[in-house]
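Below you'll find the structure, written out as structure tokens, and then a few comments.
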Amino acid sequence: MITAIIVAGGTGERLGREGGKQLVRVAGLPVLAHTIRAFEDAARVDAIVVVVHPERVEEYSRAAVAASGAGKVLSVVPGGASRSESVRSGLAAVPGESTVILVHDGARPLVTPEVIDAAVTMLEGDGSLDGVVVGHPSYDTLKFADADGNVSGTADRAAIWIAQTPQVFRAQALRAAYRDAAVHGWDGTDDASFVEHAGGRIAMITGPRDNMKVTVPEDLPAIERLLRMRRGERVVDDVRIGIGHDVHAFTEGRPLVLGGVRIPSDRGLAGHSDADVLVHALMDAILGAMREGDIGKLFPDTDPSYAGISSIELLRRVALLMENVGYELLDADTVLVLEEPKIAPHREAMRLAMAEALGVDVRRVGVKATTTEKLGFTGRGEGVAADAVVLIRCLTPERERQEAVER
Ligand code: MG
């Protein structure tokens, strides 16, 4: 019997995401679910043990293990404070009849069934080996340097390999090495180092270079793209455009709020909310690009809870909806059409307020203003008009987006 331990006990602090990096969705599934599926599809693997954060066994079981649809998962067990403690928890759950044990990082979702099977086959083909480590020769030059970055030497690149996972071991050798390390209070940074420390013989096998580990947020787009390419999906960005237009009439006795900024004026705009015509046009543009109707549908003015509400607050809700449904704002530009007051002194504050509500860099939000040369209702100073255009990008495929909308 051949059993794989998938270690997913980390908290993913470096990724800065609640739920840990294992549950971040890429290409439609949590990272950990992709990883589990690779082992499910590896012909040489009979069973899988998943080690997760001790306080999140239920959550991971549901969100990643069940979502993977894998039938080989025997158990989901709580991990420990360190990686080696988590591997020990996994080892305790590996069936005694297992003769070969694989250990793999849950945060390496790009592992393939082919490389998993190749590593097992290599171990089984050489009776003198205790373990096989997937990795690749170092293509970069490695430097020795102190904490201040002062270089003290250069490693001989020909002798350096980058060690990844999976790492495959004879069950006896791995169990003995972990027991031995516990007795001597020794700890290692990967599983092979335990077996090496116990005197075992390990060989490297070259795996695909893209077997990367999710560590920082910047890793996610590359992983998403690779997973989709492997599935033969179209990976060109799915970009949508939206347009919004709004008009509000001037009225006495109300503050003038434009682009989330209160502008000194003896008149304000009439409306159910704070009548921020610019933010309304922007929200309509976003909802239009998402094919989600308009703000009238989302925030009906028959609903008393929206009376006098800050439109910037509504924009925040639109941004949240965009995120939940799986869109990212790429760019937005807006135009205010009015005779007075002058907008230029407030333009940067408007850009900042709207960018902040949308959770994007201020460079992605434009604000301009124009007059209509005294023509029309804006020219006569009866009201203010605003236009907005946005470009958004879909982060999830059509089907999942549909499900998110239905939820
Ligand atoms: Mg409006």
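The values are calculated or read from the model by the stated rules, or taken from the named source; none is laboratory data. What you are looking at is a predicted structure, and each value in this text was computed from that prediction instead of being measured. When we count neighbours, we look across all protein chains shown, and the Cβ atoms used for this are built from the backbone with ideal geometry, even at glycine. The area values use the complete protein model at the heavy-atom level, side chains included, leaving out ligands, DNA and RNA. Shrake-Rupley method; radii C 1.70, N 1.55, O 1.52, S 1.80 Å.
Observations on the model:
- Shape of the chain, Cα gyration tensor, a/c cut at 1.5: prolate
- Dipole size of the range 2-230 about its Cα centre, with +1 on Lys/Arg Cβ and -1 on Asp/Glu Cβ: approximately 440 debye, rounded to the nearest 20.
- Tilt relative to the chain, helix 83-93 - C-alpha long axis, 0 to 90 degrees, to 10: 70 degrees
- C-alpha long axis of helix 31-41 to longest principal axis of the chain, angle in °: 40 degrees
- Farthest toward positive dipole pole in the chain [+1 Lys/Arg, -1 Asp/Glu at C-beta], among ALA177, VAL87, LEU336: ALA177
- Here HIS245 and GLU114 are evaluated by their C-beta separation; at R0 = 35 Å the FRET efficiency comes out at 0.05.
- The listed residues ILE5, ILE202 rank as ILE202, ILE5 when sorted by accessible area, largest first, using a 1.4 Å probe.
- DSSP beta bridges in the chain [antiparallel fraction, %, rounded to 5]: 60 percent
- 26 Å Cα-Cα threshold exceeded, pairs from LYS21/LYS72; LYS21/LYS297; LYS143/LYS213: LYS21/LYS297
- Computed accessible area, LYS143, all protein chains, 1.4 angstrom probe, square angstrom: 120 Å²
- Among GLY293, TRP161, PRO217 - extreme Cα towards positive end, dipole of the chain, charges at beta-carbon: TRP161
- Each of ARG228 and ASP361 was given a label point 7 Å from its Cα along the Cα-to-Cβ line. The distance between the two points is 2.1 nm.
- Extension gain, THR372 back to GLU59 (0.36 nm per residue minus Cα-Cα distance, nm): 106.9 nm
- Computed magnitude of the charge dipole of the chain (debye, nearest 20; Cβ of K, R +1, Cβ of D, E -1): 320 debye
- For the chain, the solvent-accessible area works out to 47 Å² per residue, with a probe of 1.4 Å and every protein chain left in place.
- Assuming charge only on the beta carbon of Lys and Arg (+1) and of Asp and Glu (-1), the dipole of the range 96-148 about its Cα centre is about 100 debye to the nearest 20.
- Our helix-only sum for the chain, with -39,500 (n - 2.57) per DSSP H run of n ≥ 4 divided by its residues, gives a mean residue ellipticity at 222 nm of -9500 deg cm²/dmol.
- Extension gain for HIS272 to HIS197 (0.36 nm times residue separation, less C-alpha to C-alpha distance): 19.8 nm.
- Here r is the Cβ-Cβ distance between ASP238 and ALA93 and R0 is 41 Å; the resulting FRET efficiency, rounded to 0.05, is 0.50.
- The share of accessible area on the chain that comes from carbon and sulfur is 52 percent, using a 1.4 angstrom probe.
- Label separation (ALA147 vs SER310): 4.4 nm, computed from points 7 Å beyond Cα along the C-beta direction.
- In nm, spacing of pseudo-spin labels at LYS297 and LEU74 (7 Å Cα→C-beta vector): 5.2 nm
- Gyration tensor verdict on the range 2-230 (Cα atoms; rounded if a/c is under 1.5, prolate if a/b is larger than b/c, oblate otherwise): rounded
- Using alpha-carbon coordinates, inclination of helix 311-325 to the longest axis of the chain, degrees: 30 degrees
- Cα centroid separation, the range 250-329 to the range 134-190 (Å): 55 Å
- Trypsin sites (Lys or Arg not before Pro) restricted to DSSP loop in the range 327-361 with at most 12 other C-beta within 10 Å: LYS342
- Partners of LYS374 within straight-line reach, counting lysines whose Cα lies under 22 Å from its Cα and excluding those fewer than 8 residues away in the same chain: LYS342.
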